[in-house]
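Here is the structure we will look at, set down as structure tokens.
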Amino acid sequence: MQRPLSFFSESKGYRWYVLGTVLIGAFMSALDASIVNIALPTMNVHYHTRLEIVEWVSLAYLLTLTLLLPVMGKLADMLGRGPLYNAGFVVFGIGSYLCGAANGIFALILWRVVQALGASMLQANSLALITQVFPERERGRAIGIQGAIQAAAMSFGPFLGGLLVEKFSTQSIFYINVPIALAGTVVGWLILPKPAPNRPKFSFDYLGAFAFSAGLLALMLGLTQVTNHNWFSAHEHVLFLTALFCLGAFLAMEIVVPKPFIKLGLFLERNFTIGNISGMLSYMALFSPMFLLPFYLERVLKLGPSHAGTVLTVVPLTLSAVAILAGYLSDKFGVRPFTVGGMVVMAVGLFAMATLHSNSSAFDVAWRLVILGLGMGIFTPPNNRSVMGAAPQADLSVAGGLLNMMRSLGMMGGVAFAQLIYAHELRLITAKLALEGLTPAKMERAHRHAMMVGYDKVYIVMIVVALIAAFLSLVKEREERAGRIAMHISLGE
């Protein structure tokens, strides 16, 4: 366990200094995640390359980040959360500078991997540091503040990215991170907890980490490729079978290894396991329809890109406004009313979104998105509080890494499902129109028809997904105390 030893550790408000430091990293990494996507079309022209290559600027970052979150969580629990979080500032800042200085698309993709390495150090430890220094009665409020800052950064990112690209250059969206990372490094060195001097000897389960990472990578690559090939093609079969084999081997090894990469006993705690699953389902329910929404806004409602982008910021802005209050109230009344209620509100929002049609207005979309943001804002901070509170102090960073990993898998799974449905409907309608002779006007009609049919199917499925997450949240706390005792016994505590 870490002791809060730092320059400011004797201060009465030390926990708030730690939260402030964590918020710098949370703001920076969330801003970067949203600021880059708006610049992808400009990069396509700037680097004179194909769109499918430019997409790897985002994809390489997301894959690397998701892959490294559990690894960095484990290393932080072993070596110290404060030092690794501070190293995250350094690596992210260096990666950002190198991305700005990249003279080719492949160099940019490489340095985005370095950026993701730094981001994984930050994201794997943010919730762990908050849980470590805040008492349980204040933990929900602190996690809510962190969630609000992340959501605000994500909503601000597209606006700032567009402004920087328009007024300066594509490289400026990366250089903007450098002073933030530098400030975070200095503040983190002064404030973050230092590892206890009597830490146990370093021992890392390399084979288990490799098997888990290989399985996770194969799974994520499979999810990203489902629309590039037929779902039942040999390409996807190989990836998903590889994932199944590697993750199965990982489970078999972790049972017998004395010091496993991930303690399987963590998953005996109901709050930990169900909280992670329901968290993944919540992001799937949000990002699956959000993937299709820009196509609906631009191709069906005929909104311009900037107008459509403004409408989409309603979700993170609403989430940001609600998250702090939801976290604070969960400290007072427990997490169950908010995790269940948040997903029920989410299902209501998805049902409302499913009633949109080709003659709807931007306002019709916006007020429905408010309901989606409201549901996620009510659900996420209490759920994160519940998951982190179920993990022992010695494994907080692993728990935080797994929680963020499940979030990324939910996002990727939701987008993959939406892409699959859209591509399937587009193939069907295109095949029918081909008999009549395809023209640009018919292809435009095909895209609109496929989008609207796929839109309805995606929303129906995601309503069910949100209700499943609500049911799991309802079950989660019924045997909280018994589950926690079982976990402590399994971990020998």
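The values are calculated or read from the model by the stated rules, or taken from the named source; none is laboratory data. Note that this is a predicted model, so its numbers are computed, not measured. Reconstructed Cβ throughout: ideal geometry from the backbone, glycine too, with neighbour counts over all protein chains shown.
Key figures
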| read-out | value |
| --- | --- |
| Some residue of the range 251-261 being crowded, with 22+ Cβ neighbours inside 10 Å, outside the structural domain of residue 424 (by TED's automatic domain parsing), touching a residue at least 40 places away in the same chain (Cβ under 8 Å) and under 21 Å from residue 392 (Cα atoms) | yes |
| Enumeration of residues in the range 67-93 that are more than 22 Å from the chain's Cα centre (by Cα) and more than 21 Å from residue 191 (Cβ to Cβ) | 78 |
| The range 296-324 residues that are modelled with pLDDT under 80, paired with ones that are not hydrophobic (A, V, I, L, M, F, W, C) and not in a helix (DSSP H, G or I) (beta carbon under 8 Å, 6 or more apart) | 298/304; 300/358 |
| Residue in the range 325-335 that is outside the structural domain of residue 162 (by TED's automatic domain parsing), more than 28 Å from residue 142 (Cα to Cα), over 21 Å from the mean Cα position of the chain (by Cα) and in contact (Cβ under 8 Å) with a residue 24 or more places away in the chain present | no |
| Helices (runs of 4 or more DSSP H) (entirely within the range 167-260) containing at least 3 residues that are in contact with a Leu (Cβ under 8 Å, 6 or more places away or on another chain) and either at pLDDT below 75 or not charged (D, E, K, R) (or both) | 206-224, 234-256 |
| Flag for residue 437 being modelled with pLDDT of 80 or more and not acidic (Asp, Glu) | no |
| Residue count for the range 338-368, restricted to those that are free of Cβ contacts under 8 Å to residues at least 60 places away in the same chain, under 18 Å from residue 284 (Cα atoms) and of a type in the set (A, V, I, L, M, F, W, C) | 3 |
| Considering residues of the range 85-101 that are touching a residue at least 60 places away in the same chain (Cβ under 8 Å) and crowded, with 20+ Cβ neighbours inside 10 Å only, the residue farthest from residue 181 (Cα to Cα) | 99 |
| Condition check for residue 59: over 16 Å from residue 171 (Cα atoms), among the hydrophobic types (A, V, I, L, M, F, W, C) and buried (at least 20 other Cβ atoms within 10 Å of the Cβ) | no |
| Which numbered condition residue 376 misses (of (1) surrounded by fewer than 19 Cβ atoms within 10 Å (Cβ to Cβ); (2) touching a helix residue (DSSP H, G or I) at 6+ places or on another chain (Cβ under 8 Å)) | (1) |
| Test: residue in the range 310-320 that is part of a loop (DSSP other than H, G, I, E, B) and under 24 Å from the mean Cα position of the chain (by Cα) | yes |
